[in-house]
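*Asks:* My structure is below; once you've seen it, I'll send some questions.
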Amino acid sequence: MSLYAINALKKRYETRVVLDIPQLSIEEGSIYALLGANGAGKTTLLNLLAFMDVPTSGEIYFRSSLVRFIEKELRVLRRQVVMVDQHPILFTKSVFKNLEFGLKIRGIDKSERAYRIEEALDLVGMRQFMDTPAVNLSGGESQRVALARVLALKPSVLLCDEPTSNVDAVNQTIIIDLLKQLNKTKRMSIIFTSHNSNLASNLAHHTIQLDQGQLIDARKENLFPVFLRRDSNGRFFCSLHTDLTLALSCENQKLTVYKRVLASINPWFIVLISYDEKLPECNVLRGVIRKIELENENIHVVVEAGLFFSLLMTKKKYMESKILVGKEIMFHIPPDKIKVLTVRQ
Amino acid sequence: MKLLLDSCLSAIDLILSFNAEILAIVGVSIKVSLTSTIIASLAGVPLGFTIAFSKWRWKRTTITILNTLLALPTVVIGLFVYAFISRSGILGPLNLLYTQKAIVIGQVILIIPVVTAFTLSSIGSIDARYRRTAAALGANFLQTAQVILQEARFGIMAAVIAAFGRVISEIGISMMLGGNIKGFTRTMTTAMALEYDKGAFILATALGMILMGISFGMNFLFNFLQGKMRS
């Protein structure tokens, strides 16, 4: 079932269009990652999905009903869809009172409130801080309490703006595991923004890639900011970083050099090469397999080769390749499969 | 110097003896000041809140006017209110002149800008994310307002204390609208002015000491709450 359906959605601040999405559908019960660089429009889209902002034009359907951006109706929707900010703020009260706020305004009785608060704090591992003044918590603890404050409300949709960007590694793991658990056990739909493709790869079932307010047709993992350059023979290359340069095909050569662009590589076209095979002329990389997982009846392989690359293959091909996590492999990226998406100045 | 020292010692004696006249004057002062502070707070806090939350085009002009009104001289207010409540004024039939109610009316006009401006300032300094968070958690306008008021509580309390400090020490309004009637509208400041005119320093000094004590207490509380707000 479609949770959100977006049609010709635009958000403009004065004359600047910050979001322009012709069509987008988000399914119920899944985890979605909104990916993109700073200023790509992730938070703007998340705010619109949380009914915290009003679009300049266009339509949003929530569970097949057209959302009318009238405060009274939005309030009803906000009780189903709850958002956790990137830098959540806790009220200057105890942790318990913070969690109680949303429950109280929903008219939930005292004993049920206490039960839900304890349950939510248990979920984030913060029960021992129940009576602590919120101002005394660390950044990571505040983030977890903010998450608990939302979880106590038992929303059907959870929206998180950069849920792990301001927390340490331990708290990151806790939050990621928690979000996975919520989706799995409570079938909670989760949408989060991030600029971390590894987090998206680890957590999300689907990704929505944004760039300069527009949807980009690319998989999350193989999208890289690159610099274009041309050698003395006129061939084009893109530099992913200082030690990693890939050749581009002729069709991309209309681009101007020394421009920052986004390059996308379709994971289906990255080819594994066996050591006894004749090596292609260019774009051969060595890397270590970091993850192998089943994804929609296909195999998704994550290889670390200076950057993380995603490969997709059929089960049959996977069985033939005999690859394992931790094993070093070689793979080839055909120049004509590197797609230059946007040009940035 | 000797006169001041003698007056101070005698004033302390007078205070410690719980002199009936002093108690009556202090009682009137506190009663009138508290009443006007409560009324001004009931009007000024919501007004400050409304201005802080409003997005209308004249908001900045309103704030400028409000800040100007902070320096409104008490005698101007006295004169203005007198024009309304004197026998020939439109509120003349209500017989308000030279009553405690008249002082309260004048003082309310004096401190509404104080309460409003301080409330506006303390709400303006509250992080916008509080409002957003409350809304995201499903709060309606009133519930969101409650959150903001809760977060701005120290600032608002400081506004109320500052307003009380302003009215307890004013003289123009009390004198012009209250008339300094003994046992009825005689406040600490008007009594001090009268005693000074009579050349009777002891009662004036005693009242001055009490007034200073109240002002000090108020300022102490004000600073304490402001410190709390900052932290």
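*Asks:* Residues in the stretch A:8-28: is at least one assigned to a loop (DSSP other than H, G, I, E, B), open to solvent by less than 20 Å² (accessible area, probe 1.4 Å) and touching a strand residue (DSSP E or B) at 6+ places or on another chain (Cβ under 7 Å)?
*Replies:* Let us first name the residues in the stretch A:8-28 that are assigned to a loop (DSSP other than H, G, I, E, B), namely A:14-15, A:28.
Within this subset, residues satisfying the condition of being open to solvent by less than 20 Å² (accessible area, probe 1.4 Å) are none.
Within the stretch A:8-28 (the criterion being assigned to a loop (DSSP other than H, G, I, E, B), open to solvent by less than 20 Å² (accessible area, probe 1.4 Å) and touching a strand residue (DSSP E or B) at 6+ places or on another chain (Cβ under 7 Å)), the answer is no, since none of the residues qualifies.
*Asks:* Now, a different point. With B:I103, B:I90 as the choices, which residue is open to solvent by less than 10 Å² (accessible area, probe 1.4 Å) and either of a type outside the set (S, T, Y) or within 14 Å of chain A (Cβ to nearest Cβ) (or both)? Outline the logic, then answer.
*Replies:* Numbers: B:I90 fails: open to solvent by less than 10 Å² (accessible area, probe 1.4 Å).
None of the others qualify; the one that does is B:I103.
*Asks:* Please work out if B:S215 is closer than 30 Å to A:I70 by Cα and away from chain A (no Cβ under 14 Å). Show your work before the answer.
*Replies:* Working: closer than 30 Å to A:I70 by Cα: no; away from chain A (no Cβ under 14 Å): yes.
Spelling it out, it is not the case that B:S215 is closer than 30 Å to A:I70 by Cα and away from chain A (no Cβ under 14 Å).
*Asks:* Return yes when B:A128 is surrounded by fewer than 19 Cβ atoms within 10 Å (Cβ to Cβ), over 29 Å from B:K31 (Cβ atoms), of a type in the set (A, V, I, L, M) and facing another protein chain (nearest Cβ under 10 Å) and no when it is not. Walk me through how you get there before you give the answer.
*Replies:* On the way: surrounded by fewer than 19 Cβ atoms within 10 Å (Cβ to Cβ): yes; over 29 Å from B:K31 (Cβ atoms): yes; of a type in the set (A, V, I, L, M): yes; facing another protein chain (nearest Cβ under 10 Å): yes.
Yes, satisfied.
Matching residues to (1) part of a loop (DSSP other than H, G, I, E, B); (2) touching a Gly at 6+ places or on another chain (Cβ under 7 Å); (3) not aliphatic (A, V, I, L, M):
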site	(1), (2), (3)
A:N38	yes, no, yes
A:T43	no, no, yes
A:N47	no, no, yes
A:M52	yes, no, no
A:P55	yes, no, yes
A:Y61	no, no, yes
A:K72	no, no, yes
A:R75	no, yes, yes
A:V82	no, no, no
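*Asks:* Looking only at residues that are surrounded by fewer than 20 Cβ atoms within 10 Å (Cβ to Cβ) and within 7 Å of chain A (Cβ to nearest Cβ) in the stretch B:133-146, which one is farthest from B:V45 (Cα to Cα)?
*Replies:* B:N140
*Asks:* If you scan the stretch A:314-345, which residues turn out to be modelled with pLDDT under 90 and in a strand (DSSP E or B)?
*Replies:* A:I338, A:K339, A:V340, A:L341, A:T342, A:V343, A:R344
*Asks:* To continue, here is another question. Could you please give the count of residues in the stretch B:147-191 that are within 21 Å of B:T35 (Cβ to Cβ), open to solvent by 10 Å² or more (accessible area, probe 1.4 Å) and of a type outside the set (G, A, S)?
*Replies:* 15
*Asks:* Show me the strands (runs of 3 or more DSSP E) found entirely inside the stretch A:118-234 where at least 2 residues are over 30 Å from A:W268 (Cβ atoms), open to solvent by less than 10 Å² (accessible area, probe 1.4 Å) and of a type in the set (G, A, S).
*Replies:* On the way: elements: A:157-161, A:189-194, A:206-211, A:214-216, A:223-230.
In the stretch A:118-234, there are no strands (runs of 3 or more DSSP E) which contain 2 or more residues that are over 30 Å from A:W268 (Cβ atoms), open to solvent by less than 10 Å² (accessible area, probe 1.4 Å) and of a type in the set (G, A, S).
Yes/no matrix, rows are residues, columns are (1) acidic (D, E); (2) surrounded by 15 or more Cβ atoms within 10 Å (Cβ to Cβ); (3) touching a His at 6+ places or on another chain (Cβ under 8 Å); (4) under 24 Å from A:G36 (Cα atoms):
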{"site": "A:K291", "(1), (2), (3), (4)": "no, yes, yes, yes"}
{"site": "A:I299", "(1), (2), (3), (4)": "no, yes, no, no"}
{"site": "A:G306", "(1), (2), (3), (4)": "no, no, yes, yes"}
{"site": "A:F309", "(1), (2), (3), (4)": "no, yes, no, yes"}
{"site": "A:K315", "(1), (2), (3), (4)": "no, no, no, no"}
{"site": "A:E328", "(1), (2), (3), (4)": "yes, no, no, no"}
{"site": "A:K337", "(1), (2), (3), (4)": "no, yes, no, yes"}
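*Asks:* Looking at B:K198 and the list (1) farther than 22 Å from B:L110 by Cα; (2) open to solvent by 70 Å² or more (accessible area, probe 1.4 Å); (3) touching a residue at least 24 places away in the same chain (Cβ under 8 Å), which single condition is not satisfied?
*Replies:* For B:K198, the failing item is (3).
*Asks:* For the stretch B:5-23, how many residues are farther than 14 Å from B:E195 by Cβ and surrounded by 11 or more Cβ atoms within 10 Å (Cβ to Cβ)? Break it down into steps so the answer makes sense when it comes.
*Replies:* First, the residues of the stretch B:5-23 that are farther than 14 Å from B:E195 by Cβ: B:5-6, B:8-9, B:12-13, B:15-18, B:20, B:23.
So of that shortlist, the ones also surrounded by 11 or more Cβ atoms within 10 Å (Cβ to Cβ) come out as B:6, B:8-9, B:12-13, B:15, B:23.
Of the residues in that region, 7 qualify.
*Asks:* Being assigned to a helix (DSSP H, G or I) and either open to solvent by 50 Å² or more (accessible area, probe 1.4 Å) or more than 26 Å from A:L45 (Cα to Cα) (or both) is the filter here, so list the residues in the stretch A:102-117 that pass it.
*Replies:* Let us first name the residues in the stretch A:102-117 that are assigned to a helix (DSSP H, G or I), namely A:102-105, A:110-117.
Across the stretch A:102-117, the qualifying residues are A:L103, A:K104, A:I105, A:K110, A:S111, A:E112, A:R113, A:A114, A:Y115, A:R116, A:I117.
*Asks:* For B:V75, all conditions in the list (1) touching a residue at least 24 places away in the same chain (Cβ under 8 Å); (2) open to solvent by 60 Å² or more (accessible area, probe 1.4 Å); (3) within 13 Å of the chain's Cα centre (by Cα) hold save one; what is the number of the exception?
*Replies:* Single failed check for B:V75: (3).
*Asks:* Could you give me the residue pairs with C-beta distances under 9 Å whose first residue belongs to the stretch A:197-214 and is at positive phi and at pLDDT 85 or above, whose second residue is in a helix (DSSP H, G or I) and not β-branched (V, I, T) wherever it lies, and which are 6+ apart or on separate chains?
*Replies:* A:G213/A:L45
*Asks:* Among the residues that make up the stretch B:107-124, is at least one of them in a loop (DSSP other than H, G, I, E, B), more than 14 Å from chain A (Cβ to nearest Cβ) and surrounded by fewer than 24 Cβ atoms within 10 Å (Cβ to Cβ)?
*Replies:* Just the residues of the stretch B:107-124 that are in a loop (DSSP other than H, G, I, E, B), to begin with: none.
Among the residues of the stretch B:107-124, not one is in a loop (DSSP other than H, G, I, E, B), more than 14 Å from chain A (Cβ to nearest Cβ) and surrounded by fewer than 24 Cβ atoms within 10 Å (Cβ to Cβ), which makes the answer no.
*Asks:* Does at least one position in the stretch A:92-111 carry a residue that is farther than 20 Å from B:G138 by Cα and modelled with pLDDT of 90 or more? Lay out the reasoning, then the answer.
*Replies:* As a first pass, look at the stretch A:92-111 and keep what is farther than 20 Å from B:G138 by Cα: A:111.
Among the residues that remain, those that are also modelled with pLDDT of 90 or more are: A:111.
The answer is yes, given that some residue of the stretch A:92-111 is farther than 20 Å from B:G138 by Cα and modelled with pLDDT of 90 or more.
*Asks:* Starting from the stretch A:72-101, keep only residues that are more than 16 Å from A:I191 (Cβ to Cβ) and more than 9 Å from every other protein chain (Cβ to nearest Cβ), then list their pairs with residues that are buried (at least 21 other Cβ atoms within 10 Å of the Cβ) and β-branched (V, I, T) whose Cβ atoms are within a distance under 7 Å, requiring at least 6 positions of separation or different chains.
*Replies:* Taking only residues 6 or more apart or on different chains, the pairs are A:V95/A:V145; A:F96/A:I117; A:N98/A:V145; A:L99/A:I117; A:E100/A:I117.
*Asks:* Looking for whichever is among the aliphatic types (A, V, I, L, M) and part of a helix (DSSP H, G or I) here; the options are B:L42, B:L72. Which one fits?
*Replies:* On the way: B:L72 fails: part of a helix (DSSP H, G or I).
When all the criteria are applied, what remains is B:L42.
*Asks:* Sort through A:R12, A:R78 and tell me the only one that's charged (D, E, K, R) and within 30 Å of B:E151 (Cα to Cα).
*Replies:* Working: A:R12 fails: within 30 Å of B:E151 (Cα to Cα).
From the options A:R12, A:R78, the qualifying one is A:R78.
*Asks:* List the pairs whose first member sits in the stretch B:171-191 and is free of Cβ contacts under 8 Å to residues at least 24 places away in the same chain, whose second member is of a type in the set (G, A, S) and open to solvent by less than 30 Å² (accessible area, probe 1.4 Å), and whose Cβ atoms are under 8 Å apart, counting only residues at least 6 apart or on separate chains?
*Replies:* B:N180/B:S174; B:N180/B:A191; B:N180/B:A193; B:T190/B:S174; B:T190/B:G178
*Asks:* Open to solvent by 20 Å² or more (accessible area, probe 1.4 Å) and more than 9 Å from every other protein chain (Cβ to nearest Cβ): is that true of A:V67 in this structure?
*Replies:* Working: open to solvent by 20 Å² or more (accessible area, probe 1.4 Å): no; more than 9 Å from every other protein chain (Cβ to nearest Cβ): yes.
In short, no.
*Asks:* With the structure loaded, tell me whether A:K110 is more than 23 Å from A:L3 (Cβ to Cβ), among the basic types (K, R) and facing chain B (nearest Cβ under 10 Å) or whether it fails that test.
*Replies:* Numbers: more than 23 Å from A:L3 (Cβ to Cβ): yes; among the basic types (K, R): yes; facing chain B (nearest Cβ under 10 Å): no.
Judged against the criteria, A:K110 is not a match.
The values are calculated or read from the model by the stated rules, or taken from the named source; none is laboratory data. Just so it is clear, the structure is predicted and the values come from calculations on it, not from any experiment. Every residue, glycine as well, gets a Cβ built from its backbone with ideal geometry; the counts of neighbours run over all protein chains shown. The area values use the complete protein model at the heavy-atom level, side chains included, leaving out ligands, DNA and RNA. Shrake-Rupley method; radii C 1.70, N 1.55, O 1.52, S 1.80 Å.
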